[in-house]
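The values are calculated or read from the model by the stated rules, or taken from the named source; none is laboratory data. What you see is a predicted model; the values in this text were computed from it and never measured. Positions of Cβ are generated from backbone atoms using ideal geometry, with glycine treated the same way; all protein chains shown enter the neighbour counts. For accessibility, only protein heavy atoms count, side chains too; no ligands or nucleic acids. Shrake-Rupley method; radii C 1.70, N 1.55, O 1.52, S 1.80 Å.
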Amino acid sequence: MAFNDLLQQVGGVGRFQQIQVTLVVLPLLLMASHNTLQNFTAAIPTHHCRPPADTNLSKDGELEAWLPRDRQGQPESCFLFTIPQQGPPSPNGTGANGTGATEPCTNGWIYDNSTFPSTIVTEWDLVCSNRALRQLAQSLYMVGVLLGAMVFGYLADRLGRRKLLILNYLQTAVSGTCAAFAPNFPVYCAFRLLSGMSLAGISLNCMTLNVEWMPIHTRACVGTLTGYVYSLGQFLLAGVALAVPHWRHLQLLVSVPFFAFFIYSWFFIESARWYSSSGRLDLTLRALQRVAWINGKREEGTKLSMEVLRASLQKELTMGKGQVSALELLRCPALRHLFFCLSTLWFATSFAYYGLVMDLQGFGVSIYLIQVIFGAVDLPAKLVGFLVINSLGRRPAQMASLLLAGICILVNGVVPQDQSIVRTSLAVLGKGCLAASFNCIFLYTGELYPTVIRQTGMGMGSTMARLGSIVSPLVGMTAELYPSVPLFIYGAVPVAASAVTALLPETLGQPLPDTVQDMESRRRGKPRQQEQEQRKKMVPLQATARENVL
């Protein structure tokens, strides 16, 4: 548990930390764009059936003669008269004489391209009987995120954080670019799935790599910075989508920069904490000395040696040999306790978040403005969350954000439908609380799991979040029974999950656990004084090691 002392010795938060943290979080700007990209690339413009080819569309009334009307007097989107009707159309969907027969569109559709010149919907006619295919593309993307969380979370504990980030940047760049040139819908879906996998790996590994290189007192700042970068990405998407409305150009624009991220990621320095937990003491020494040199602490770096590291990390080396299997999450009682509690928190946060976002589509304003509102809500919410995380702790912040979000959603379920201002305000407040919950759960999970299985645990947590996002739309179907039923379910789950937070230990001001034994000691409530006494015993060993080197 003396690794934090080594970080302080080589510069604490120095030039290296500032540069690497900036470069690692920069891709998150575009990761936010990919997550909600289909709000724009799969937008559904106003459309109606295309009449037969011999119809003279330039002639007044010729087109209207083919189009049935709905009860609001608007042209039907999916049906066409079998023969053109004479006279003014009837608002009940029939012809002028009330007997016109209709049929599904057989000649394609005519789209209003004033707002969205081209989307996957207009290019591949994903409307009417094919409307479900539009949701399929987003569902496959979420399946990719789920698979990526499981696969890349596990591989990061085996191969390291840096290697996985390099691979994920390249995979995102290639799959995203290929999606922009997809010749048909199945190919597009396949590349979107691959993009989801790699973006899940980026999300997990960027947080872990940054946290493992930062001293204890700065970890909350790094977590909050990561959350803010993601929120700024939502603003960026709104502006980029407005400037580049063609879906292929937009898809390409948010994917090509990942080639640049791939190139500069080769200069990242692997987590020395991961090296030490894997028993690679030589690589740990090399990484720490490089960081010391970058931070202008070259003299401190030369004082480090294998003997000093063995003395400082004696506990980790004797108790954390080898890799911990992912099955240990269920075998080990302490890990099993963490796994079930954190899985509940991840699932509840994502489940309520996506359920609430689906309920926020009734703003009645431009889709670009909605995107900005979604991003703007996160800014004050994450600031308040950061202040609570740093002052009161992770556990109170996590509990309060889930509880408040659940209460807002539950109250929204009993507010009359005509109280649009009240309903919108409650929805926005609930969404902000859930954004703060996401920010906290990423940091909290990384601090609770030991280094030897941290990425596996993070990956499983993200997997549960993806399950929540998949189940959430299914719950929305219960609105057919009663309009407020989905809101009651979306609100009850985070309220119940907030109680689970009480079963987790506080991590404010605590060093990161490197081994399962470290975590079990903290769970049993081992006094900090006893930890400090152990560190004092290590000082003579470190001094002796330095004397041997000198």
Query raised in the report: Taking a probe of 1.4 angstrom, what is the accessible area of VAL493 in Å², to the nearest 10?
Result: 40
Query raised in the report: Measuring from centroid to centroid over Cα atoms, what is the spacing of the range 414-481 and the range 241-259 in Å?
Result: 28
Report summary line: Of every hundred units of 1.4 Å-probe accessible area on the range 377-466, the number belonging to carbon and sulfur atoms, as a percent, is 76
**Report entry** Residues whose placed amide H lies under 5 Å from that of THR102, excluding near-sequence neighbours
**Finding:** THR82
Query raised in the report: Roughly how big is the range 323-511's charge dipole about its Cα centre, with Cβ charges of +1 (Lys, Arg) and -1 (Asp, Glu), in debye to the nearest 20?
Result: 340
Query raised in the report: Applying the Karplus parametrisation 6.51 cos²θ - 1.76 cosθ + 1.60 with θ = phi - 60° to the phi angles of the range 200-207, what ³J(HN,Hα) value in whole Hz is obtained for each residue in order, glycine and proline being reported as x?
Result: 5, x, 5, 4, 6, 6, 5, 5
**Report entry** Interchain or long-range residues, amide H under 5 Å from TRP109's placed H
**Finding:** ARG50
